[in-house]
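A quick write-up on the structure given underneath.
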Amino acid sequence: QVQLAESGVGFVQPGGSLRLSCDASRSFLSSNTMCWYRQAPGKERELVADISTGGITHYADSVKGRFTISRDTFKKTVTLQMNSLKPEDTAVYYCKLTFTLSGSSYWGQGTQVTVSS
């Protein structure tokens, strides 16, 4: 079992920056992918960015060039650096961990990001 704890609740003006972090309760050697999803009111949850154990990243088109996902050396913390934020980035952001072989996945509790003037 793995618990994920997100941090970085934020309110920022358009054009501002915010950093979200997600820390897993333990480190692990198994191949995995850590992701950030978001869900705005009245909308479906969508994938924002993901990063594999090997450091390969993918981004949603809506955040390319503005958001950067990274993970630490011990692979148990993933960070989402968000720049040039827009009101449409307002959502609850969730961290997700998926193990490649087993397919087991775990979610964080979510953290609110509000972009407004």
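The values are calculated or read from the model by the stated rules, or taken from the named source; none is laboratory data. Not measured: the values here are computed from a predicted model. Methodologically, a virtual Cβ is constructed for each residue, glycine included, from the backbone with ideal geometry; neighbour enumeration extends over all protein chains shown. In case anyone asks, the SASA skips ligands and DNA or RNA and just uses the protein heavy atoms, side chains included. Shrake-Rupley method; radii C 1.70, N 1.55, O 1.52, S 1.80 Å.
A few remarks follow.
- Alpha carbon centroid spacing (whole Å) that separates the range 1-35 from the range 39-60: 12 Å
- Rounded to whole Hz, the Karplus (6.51, -1.76, 1.60) HN-Hα couplings of the range 45-58, x for glycine and proline: 5, 10, 6, 9, 6, 9, 9, 8, 4, x, x, 6, 10, 9
- Charging the Cβ of each Asp and Glu at -1 and of each Lys and Arg at +1, and nothing else, the dipole of the chain about its Cα centre rounds to 160 debye.
- The length gained by stretching the chain between residue 47 and residue 2 to full extension, at 0.36 nm per residue less their Cα-Cα distance, is 14.2 nm.
- Cysteine residues of the chain whose C-beta has no other cysteine C-beta under 4.7 angstrom: 35.
- Note on residue 105 and residue 29: their simple-model spin labels are 2.6 nm apart, each label 7 Å out from Cα toward Cβ.
- Percent antiparallel among DSSP beta bridges (both partners in the chain, rounded to 5): 95 percent
- Ligands, DNA and RNA left out, the 1.4 Å accessible surface of the range 2-117 is 51% carbon and sulfur atoms.
- Net length available on complete extension from residue 9 to residue 72 is 20.7 nm, with 0.36 nm assigned per residue and the Cα-Cα distance removed.
- Of the chymotrypsin sites (Phe, Trp or Tyr not before Pro) found in the range 10-114, those in coil by DSSP whose Cβ has at most 12 other Cβ atoms within 10 Å are 74.
- Entry note: the chain has Rg to Rh equal to 0.96, where both radii use alpha-carbon atoms and Rh is the Kirkwood radius.
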